[in-house]
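The values are calculated or read from the model by the stated rules, or taken from the named source; none is laboratory data. Keep in mind that this is a model prediction, so the values were computed, not measured. Cβ: placed from backbone, ideal geometry, glycine included. Neighbour counts: every protein chain shown.
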Amino acid sequence: MLLAGDEWAARFEDFQREAWRLETLPQYLMPQEAEELQAFRDGARIDPATVHNEYTDRLRRQAAEGRVQGRVHVVTRPLSEYLRFEFSQYYRPHLLAGEQIRILDVTDRPNPLEGVQDFWMFDQSEVVLMNYEPDGKQINRKVFEGDVSQFIEYQRIAVSESLPFEEYVKGLVL
């Protein structure tokens with residue numbers, strides 16, 4: 001089953017314990033980010049502590065309810081322009097709002113998740129595969145039909161092999 005619109009948004013309202021994402025691409029081409037990305041290219045930076053929008057408000061509410069949203073992003077250095085943008089403009093404010101963000105840098109080591117595609121997992125019971133073109137343009141989101149145990153193992157590996165975001169970015173110029 002393909003997910004979009006209200007059905008997709010409902011996943012983030014309805015999970016009970018945890019929504020978790022694995023990101024594997026160096027860039028995501030999202031039309032709604034184009035203006036912000038251009039501003040970043042032009043030198044604009046935000047104060048992450050002042051960001052309040054629908055996404056950060058939802059993160060704060062979920063954290064207060066004891067529901068966790070997290071992610072691990074697999075990266076290689078040098079970081080792409082998009083990753084520098086994402087780290088600066090999104091990850092920092094999202095972290096302050098309660099999201100648990102980790103980075104798995106595979107620059108100088110084998111990727112323990114080689115070949116695993118992007119996905120979201122909700123309450124370790126439902127997986128939504130995130131399908132992208134090689135350049136990061138989203139194709140669709142599809143509910144995985146089958147045993148999710150392999151995705152639980154991917155999550156375990158990703159978390160155990162990664163660093164907390166703030167530890168990873170210490171000393172990096174974004």
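Some observations on this one:
- Output for the stretch 93-126, where each listed residue is charged (D, E, K, R) and under 13 Å from the mean Cα position of the chain (by Cα): Glu99, Arg102, Asp118
- Top-ranked residue in the stretch 92-136 [being at pLDDT 95 or above and among the basic types (Lys, Arg); ranked as farthest from Gly66 (Cα to Cα)]: Arg109
- Of the numbered criteria (1) in contact with a strand residue (DSSP E or B) (Cβ under 9 Å, 6 or more places away or on another chain); (2) surrounded by 12 or more Cβ atoms within 10 Å (Cβ to Cβ); (3) at pLDDT below 95, the one Ile46 fails is (1).
- Residue pairs meeting the criteria (Cβ under 8 Å; at least 6 apart or on separate chains; first over 16 Å from Arg21 (Cα atoms), in the stretch 56-73; second among the charged types (D, E, K, R) and crowded, with 20+ Cβ neighbours inside 10 Å): none
- Annotation note: of Ala44, Ala34, Ala19, the sole residue that is of a type in the set (Gly, Ala, Ser), in a helix (DSSP H, G or I) and either closer than 24 Å to Tyr168 by Cα or without any contact (Cβ under 8 Å) to a residue 60 or more places away in the chain (or both) is Ala34.
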